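The values are calculated or read from the model by the stated rules, or taken from the named source; none is laboratory data. Just so we're clear, the structure is a prediction, and the values are computed from it rather than from any experiment. Glycine gets a Cβ as well: all are built from the backbone with ideal geometry, and neighbour counts include every protein chain shown. To get the accessible areas, we keep the full protein, side chains included, count just its heavy atoms, and leave off ligands, DNA and RNA. Shrake-Rupley method; radii C 1.70, N 1.55, O 1.52, S 1.80 Å.
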Amino acid sequence: MREIFAGMPWWVKWVAVPLIAIVLFGGLIASVVGFVIGLLFKVLVFVVLVGGLIFVVRRFMSSSERSDH
């Protein structure tokens, strides 16, 4: 493979080949990136919801302890 690219001009290696790869695999790359971003968003929402739940439960527990005494 290295011998094949050795005789080629620089623009073939650094412009044409990446463009061909993006055209052929662009949809696949976009779907993988979209999946990763969606997964990160869901993880972030999960962390926020669990944190909010813990905050509400602690707030409720501390207010109920004060009212008991």
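Miscellaneous remarks
- On the beta carbon distance between A30 and I4, with R0 = 35 Å, the FRET formula returns roughly 0.75.
- Accessible area per residue, Å², the chain with all protein chains present, probe 1.4 Å: 95 Å²
- For the chain, size of Cβ-based charge dipole, Lys and Arg +1, Asp and Glu -1, in debye: 60 debye
- With R₀ set to 30 Å, the beta-carbon distance separating K13 from V48 gives a calculated FRET efficiency near 0.10.
- Rounded to the nearest 10 degrees, the angle from helix 17-68 to the longest Cα principal axis of the chain is 10 degrees.
- Computed over the chain, the P(r) curve from all C-alpha pair distances, binned at 10 Å from the origin, holds 16, 20, 16, 14, 12, 10, 7, 4, 1 percent per bin.
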